[in-house]
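Here is the structure we will look at, set down as structure tokens.
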Amino acid sequence: QVQLVESGGGLVQAGGSLSLSCVASGGITRFNTMDWYRQPPGKQRELIAGVTRSGVTNYADSVKGRFTISRDNEKNTVYLQMNSLKPEDTAVYYCRCEPAVESGRYFPGGWGQGTQVSVSS
């Protein structure tokens with residue numbers, strides 16, 4: 001199981017920016033797709049951004065054009081740059097490493113513990 005630790009959450013005013021980081025340890029993650037999810041208060045967890053091992057990214061419509069996901073395989077780290085934040089972006093943000101298979105070898109995934117992002121109006 002890969003261990004993931006998020007950091008960078010906090011309180012910011014609407015229109016501001018935050019940068020989240022997620023460091024992976026305990027396994028090789030360069031073959032894994034890495035994702036950011038979020039769970040707003042009283043709502044279900046939702047996928048908002050992902051980056052494949054080759055660097056292909058995808059975003060939920062709600063964050064497209066405002067958030068940018070990136071990864072540094074040498075540092076086993078994935079980032080989420082969040083700009084033009086809105087109060088509705090308030091949520092606990094989770095990093096996820098999807099399981100992968102490469103050359104017959106299985107690379108497990110995992111979830112981080114989450115980091116709170118609060119956006120005031």
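Could you provide, to the nearest whole Å², the per residue accessible area of the chain with probe 1.4 Å?
The answer is 51 Å² per residue.
Report the far tail of the P(r) of the range 75-115, meaning the percent of Cα-Cα pairs longer than 15 Å.
Beyond 15 Å sits 59 percent of the P(r) for the range 75-115.
Does the range 18-81 come out rounded, prolate or oblate, given a ≥ b ≥ c as the square roots of the eigenvalues of its C-alpha gyration tensor, rounded meaning a/c under 1.5 and, failing that, prolate meaning a/b above b/c?
Prolate, because a/c is 1.5 or more and a/b exceeds b/c.
With θ set to phi - 60° and the Karplus curve 6.51 cos²θ - 1.76 cosθ + 1.60, what are the ³J(HN,Hα) couplings of the range 111-119 in order, to the nearest whole Hz, using x for Gly and Pro?
10, x, 8, x, 9, 7, 10, 10, 10
In whole Hz, what ³J(HN,Hα) sequence does the range 3-20 give by Karplus (6.51, -1.76, 1.60; θ = phi - 60°), x for Gly and Pro?
9, 10, 10, 8, 8, x, x, x, 9, 9, 7, 3, x, x, 10, 9, 10, 9
Quick query: amide H of Leu85 versus all other amide H atoms, modeled in the peptide plane; which residues come in under 5 Å with a sequence gap of 5 or more or a different chain?
Gly15, Gly16
Could you pull the Rg and Dmax for the chain, using just the Cα atoms, both in Å?
14.0, 50
Once phi is turned into ³J(HN,Hα) by the Karplus curve 6.51 cos²θ - 1.76 cosθ + 1.60 with θ = phi - 60°, what whole-Hz value does each residue of the range 102-108 show in order, with x for glycine and proline?
Karplus-based 3J(HN,Hα) across the range 102-108 equals 9, 6, x, 9, 9, 10, x Hz.
Given a 1.4 angstrom probe, I'd like the percentage of the accessible area of the chain that is carbon and sulfur, rounded to a whole number.
48
The values are calculated or read from the model by the stated rules, or taken from the named source; none is laboratory data. Values in this document were obtained by computation on a predicted structure and should not be read as measured data. We work out accessible area using only protein heavy atoms, side chains counted, and drop any ligands, DNA or RNA first. Shrake-Rupley method; radii C 1.70, N 1.55, O 1.52, S 1.80 Å.
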